[in-house]
Amino acid sequence: MFARTVFIASIVMFTAHASAAPAINTLTNASFFASRTDTAINGYDTVAYFTQMKPVKGSDSFVFEWKDAKWRFSNQGNLDLFRGNPGKYAPQYGGYCAYGVANGNLVKVDPEQFTVQDGKLYLNYDADIQQEWKKDVQGFNRLADSKFPALIAK
């Protein structure tokens, strides 16, 4: 319950200061008070979630710009895979927390809290929120699917 309260408080703080939201989440996970960078998934390699089934930090040596964000990769092969089909490897809901989007909010994520399901990558705010989201993944995703376009259009 505490995690949900913290989550809701962070949503209120972020949305109160937000204007137009970028399609790709570039909120940093460095502190409770999120700030923007130019990098997706806090610099984690989005392809590694699929190929290694774990979070792997990307490198400044392997960077690709897509949808106004820099995507970092751990090796040239992963960069090439992403370049060939970014939509296949990019996280759902622009990399914002799937649970947050389902609840009508765009919030930062912890790149360590991920799920690859049905060939799609989902990220969550933290481990407690991920457990809430996992209670009804399909239901939350239906909600998020319907809400995400309007959230980034604000």
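The values are calculated or read from the model by the stated rules, or taken from the named source; none is laboratory data. Since we're looking at a predicted model, the values are computed, not measured. Cβ: placed from backbone, ideal geometry, glycine included. Neighbour counts: every protein chain shown. Only protein heavy atoms, including side chains, enter the accessible area calculation; ligands, DNA and RNA are left aside. Shrake-Rupley method; radii C 1.70, N 1.55, O 1.52, S 1.80 Å.
Amide H contacts of Gly58: Tyr44, Asp45, each under 5 Å away and 5 or more positions distant or on a separate chain (H built 1.01 Å from N in the peptide plane; Pro and chain starts excluded).
Extension gain for Asp128 to Gln52 (0.36 nm times residue separation, less C-alpha to C-alpha distance): 25.0 nm.
Over the Cα atoms of the stretch 31-140, each weighted equally, I'd like the Debye log10 I(q)/I(0) at q = 0.21, 0.23 Å⁻¹, rounded to two decimals. Those come out to -1.14, -1.32, one per q. Zone of Lys120 (label point 7 Å along Cα→Cβ, backbone N under 17 Å): which residues in the stretch 75-92? Within reach of a label on Lys120, which here means backbone N under 17 Å from a point 7 Å along Cα→Cβ, the stretch 75-92 contributes 86-92. Run down the lysines and flag those whose C-alpha is under 26 Å from the C-alpha of Lys135, throwing out any fewer than 8 positions away in its chain. Straight-line reach from Lys135, under 26 Å: Lys54, Lys88, Lys108, Lys120, Lys147.
Using the Cβ of Asp45 as centre and a radius below 9 Å, the other residues enclosed give a net charge of +2, where K and R count +1 and D and E count -1. The translational diffusion coefficient of the stretch 91-134, from Stokes-Einstein at 20 °C and 1.002 mPa s with a Kirkwood hydrodynamic radius over alpha carbon pairs, comes to 216 µm²/s.
Each part gets one Cα centre, and for the stretch 50-74 versus the stretch 130-154 those centres are 24 Å apart.
Between Val63 and Arg83, the modelled labels are 1.5 nm apart [label points 7 Å from Cα along Cα→Cβ]. A 1.4 Å probe run over the protein chains yields, for the stretch 51-154, 49 Å² of accessible area per residue, whole-number rounding.
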